[in-house]
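Below: one structure, written as structure tokens.
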Amino acid sequence: DLGYTVIHDDEHVELRELYEWYEDGEISWDELNGVAGQIGFNATFKTGWEWAKVHPEVKVILTVRDSAEKYAESWLKAVTFIDIIERMPYRWMRNSNQLYESFYDEYKMETTNNQPEMYKDKETLKQVYEEYNAVVKANIPSERLLVFNVKQGWEPLCQFLEIEKADCPSDIPFPHVHDRMKLLGENFVVSLFTYIWPLVIILPFALPYYFFFHRCRSHTPKKRT
């Protein structure tokens, strides 16, 4: 709606090879963003503030919650995702394995300041959240930084991105990609598969056996009395 094509969750999966090159040290952030720009992306999420700091042409949007407490409560509902994909059958799946390192960093390292054992500790989450926000604010000039809560809607974004008022979609409801019910529903579906996957292996053998046994019984001659 604002003229930006953003690399977010689904796009990150789509571009996972590009991110793997960066993580392996084969390309730099400049090269990664250059390639992304060539294929149509002009905004990313989770871009390091260190890179943005040395690029004065880049604008930064720091999304925040109402409080550190609210952030931690919300994140603790989402973090169960990493527990799920660490179980079978996801550990057998190629795509899951390829993305696991990225998920591990996101869910257990970045949110705890490299203390993975604390990834469900509320106080740690709150502290790291506040520290990160403070670091970004201290390193990105205020004229290039928007501290944004999604509850504020379109207007602050349009002003910050210098979008004309007539082009600002203020009459369109602000999107919420990961609302609470959607997130819980997605986690439930992903979790459900960890319980039912054995049926995928058992049923192909069990069903023929059942029908064969049932057919044999139906053709067994009855004893005369």
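The values are calculated or read from the model by the stated rules, or taken from the named source; none is laboratory data. All figures in this text were calculated on a predicted structure; none of them were measured in a lab. Using ideal geometry, Cβ is built from the backbone for each residue, glycine included, and neighbour counts are taken over all protein chains shown. We work out accessible area using only protein heavy atoms, side chains counted, and drop any ligands, DNA or RNA first. Shrake-Rupley method; radii C 1.70, N 1.55, O 1.52, S 1.80 Å.
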Fill in the blank from the handout: Expected output for region 64-91 (first residue among the polar types (S, T, N, Q), partner at pLDDT 90 or above, Cβ below 8 Å, 6+ apart or cross-chain) is SER74/ARG65
Fill in the blank from the handout: Expected output for region 21-33 (first residue among the small types (Gly, Ala, Ser), partner open to solvent by 60 Å² or more (accessible area, probe 1.4 Å), Cβ below 8 Å, 6+ apart or cross-chain) is SER28/TYR22
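Take ASP24 and tell me if it is over 19 Å from the mean Cα position of the chain (by Cα), among the charged types (D, E, K, R) and farther than 26 Å from LEU146 by Cβ.
For ASP24, the condition - over 19 Å from the mean Cα position of the chain (by Cα), among the charged types (D, E, K, R) and farther than 26 Å from LEU146 by Cβ - is met.
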Completion exercise
Matching residues in region 1-31 (in contact with a Phe, Trp or Tyr (Cβ under 7 Å, 6 or more places away or on another chain), closer than 29 Å to SER170 by Cβ and aliphatic (A, V, I, L, M)) number 2
Exercise for the section: Go through the residues of region 152-163 one by one and say whether even a single one is polar (S, T, N, Q), in a helix (DSSP H, G or I) and either within 22 Å of the chain's Cα centre (by Cα) or over 22 Å from GLU73 (Cβ atoms) (or both). Expected result: yes
Problem - Condition check for GLN159: more than 24 Å from GLU20 (Cβ to Cβ), open to solvent by 70 Å² or more (accessible area, probe 1.4 Å), touching a strand residue (DSSP E or B) at 6+ places or on another chain (Cβ under 9 Å) and not aliphatic (A, V, I, L, M) - result: yes
Practice task
Please find, within region 22-32, the residue that is least open to solvent (accessible area, probe 1.4 Å) out of those that are at pLDDT below 90 and of a type outside the set (Ser, Thr, Tyr).
Solution key: GLU23
Practice task
Could you tell me which residue of region 1-23 is nearest to PHE45 (Cα to Cα), considering only residues that are of a type in the set (Asp, Glu) and part of a helix (DSSP H, G or I)?
Solution key: ASP9
